[in-house]
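The values are calculated or read from the model by the stated rules, or taken from the named source; none is laboratory data. Keep in mind that this is a model prediction, so the values were computed, not measured. Every residue, glycine as well, gets a Cβ built from its backbone with ideal geometry; the counts of neighbours run over all protein chains shown.
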Amino acid sequence: MQPSSQLVKRNEDQFESISELLVLNPPKDDVQDGLSPTKVVTVDYRVFQSLEAALPDSITFGLQPLDRGKFDAALVFVPKAKGELNILLSYACSGLKPGGKLFLVGAKKEGVASAAKQLTNWSDNVYKVDSAKHCQLWKAEVAETAKPFELAQFMSTFKFSVNGEPRELATIPGVFSYERLDIGTELLLAQISAHADKMLKGRVLDFGCGSGPIGIMAKILKPEIELEMVDINWLALECTKRSCELNQVTASIYPSDGWAAVEGRVNAVLSNPPFHEGVAYDYQTSERFIQQAKDKMNKYAVLMIVANGFLKYATVIEHHFGRCDVLAETTKFRVYKTYR
Ligand SMILES: C[S@@+](CC[C@H](N)C(=O)[O-])C[C@H]1O[C@@H](n2cnc3c(N)ncnc32)[C@H](O)[C@@H]1O
């Protein structure tokens with residue numbers, strides 16, 4: 001059990017008289033022993049998959065509209081991406097009864113104390129319930145049910161260009177490259193554009209699509225490709241859907257933890273792959289991604305990625321594919337290309 005779940009557990013008397021409880025953004029694998037939530041909601045597909053078997057009737061992937069004013073209380077785990085918090089709190093408050101209780105729990109190193117300040121946007125009555133295991137549990141009493149939740153309220157757009165033509169992408173707090181194109185991604189897009197004729201054929205996968213710049217550019221350059229875009233984050237997938245609409249691009253957009261949900265083999269893999277998670281670096285996802293990529297690629301399929309220069313991608317790619325070309329390099333980023 002994660003420390004924040006342990007803190008909830010030791011305060012379970014707070015939840016005893018609550019019959020309709022919403023749990024939002026729980027940690028992976030933590031079933032919230034001792035609580036009986038009516039509904040558990042996550043935007044992280046890994047968390048969804050880890051709890052699906054234990055909570056088949058109550059867990060949902062994504063912020064589907066709540067029955068307004070249904071819940072007596074909501075327990076929100078502080079998200080790793082700071083920008084996500086306001087979205088999660090707005091979502092929770094749209095489901096609370098007038099006078100409902102809003103609990104917030106998280107680790108101090110994840111910024112729970114400053115996150116708790118946001119509770120004052122929803123309540124005049126906010127206080128700390130308990131503090132232990134480097135975590136804090138906060139409580140707010142919310143006088144009125146908030147207006148219905150609409151994700152569109154949190155979305156905006158930013159500009160990018162494909163071959164000099166101005167385009168727009170959707171963006172949302174908590175999703176990578178909020179309000180601006182990432183400079184690593186920009187470097188990759190230039191190389192995709194330069195190599196499009198040779199490598200963009202058949203099934204093309206944008207791994208970790210975020211708000212969608214990579215796949216969308218590939219499809220604009222070569223409309224005949226079958227584009228697939230995967231991400232682990234529901235907010236990213238929703239952002240990508242909106243970006244595709246804005247650019248009149250069709251794609252198959254679906255959740256996948258790494259390659260798990262990608263069936264069969266693809267002809268090209270394009271990515272600015274994830275390399276860290278929250279406060280700690282996580283090389284595992286990327287290493288596993290490269291290792292497994294080969295098995296999911298057709299013969300002569302291309303893998304083109306951009307990554308921070310300090311990550312040891314060249315070695316990993318060479319190890320698995322036998323060669324690795326560096327197509328572009330800045331002080332911070334490198335674009336790598338290989339083929340099967
Ligand atoms: C560096 S961002 C790139 C986003 C976008 N492609 C861009 O270039 O702006 C990496 C993306 O990978 C997603 N991601 C993280 N872990 C993942 C996993 N295990 N499987 C699939 N996607 C993952 C993140 O949610 C994030 O959107």
Which ones in region 162-197 are buried (at least 17 other Cβ atoms within 10 Å of the Cβ), of a type in the set (Gly, Ala, Ser) and more than 11 Å from the ligand (Cβ to nearest atom)? Ala170, Ala196
Name every residue in region 210-242 that is more than 14 Å from the ligand (Cβ to nearest atom) and of a type in the set (Asp, Glu), in order of residue number. Glu224, Glu226
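Inside region 325-340, can you point out the residues that are out of contact with any Leu (no Cβ under 6 Å at 6 or more places or on another chain) and under 24 Å from Pro213 (Cα atoms)?
Of everything in region 325-340, those that are out of contact with any Leu (no Cβ under 6 Å at 6 or more places or on another chain) and under 24 Å from Pro213 (Cα atoms) turn out to be Asp325, Val326, Leu327, Glu329, Thr330, Thr331, Lys332, Arg334, Tyr336, Tyr339.
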Region 144-160, subset surrounded by 13 or more Cβ atoms within 10 Å (Cβ to Cβ) and more than 23 Å from the chain's Cα centre (by Cα), residue modelled with the highest pLDDT: Glu144
So which of Val262, Val269, Val249 is touching a Leu at 6+ places or on another chain (Cβ under 8 Å), surrounded by 21 or more Cβ atoms within 10 Å (Cβ to Cβ) and outside any helix (DSSP H, G or I)? Val269
Kindly evaluate Gly100 against the criterion of being small (Gly, Ala, Ser) and farther than 17 Å from Val142 by Cα. no
From the set of residues in region 52-61 that are buried (at least 17 other Cβ atoms within 10 Å of the Cβ) and under 22 Å from Asn86 (Cα atoms), which is nearest to the ligand (Cβ to nearest atom)? Phe61
Only one of these is among the polar types (S, T, N, Q), surrounded by 18 or more Cβ atoms within 10 Å (Cβ to Cβ) and over 21 Å from Asn11 (Cα atoms): Gln32, Gln49, Gln64. Name it. Gln49
Looking at region 243-268 only, could you name the residues that are at negative phi and within 14 Å of the ligand (Cβ to nearest atom)? Ser243, Cys244, Ala251, Ile253, Tyr254, Pro255, Ser256, Asp257, Trp259, Ala260, Ala261, Val262
Of all residues in region 67-80, count the ones that are under 20 Å from Ala152 (Cα atoms) and either surrounded by 18 or more Cβ atoms within 10 Å (Cβ to Cβ) or not assigned by TED's automatic domain parsing to the domain that holds Asp44 (or both). 1
Could you list, in sequence order, all residues of region 296-315 that are within 16 Å of the ligand (Cβ to nearest atom) and either outside the structural domain of Leu188 (by TED's automatic domain parsing) or touching a residue at least 12 places away in the same chain (Cβ under 8 Å) (or both)? Lys296, Leu303, Met304, Ile305, Val306, Ala307, Asn308, Gly309, Leu311, Tyr313
Grab the helices (runs of 4 or more DSSP H) fully contained in region 1-95, keeping just those with 3 or more residues being within 24 Å of the chain's Cα centre (by Cα) and without any contact (Cβ under 8 Å) to a residue 60 or more places away in the chain. 45-52, 84-95
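Could you list, in sequence order, all residues of region 199-209 that are within 8 Å of the ligand (Cβ to nearest atom) and assigned to a loop (DSSP other than H, G, I, E, B)?
Of everything in region 199-209, those that are within 8 Å of the ligand (Cβ to nearest atom) and assigned to a loop (DSSP other than H, G, I, E, B) turn out to be Gly208, Cys209.
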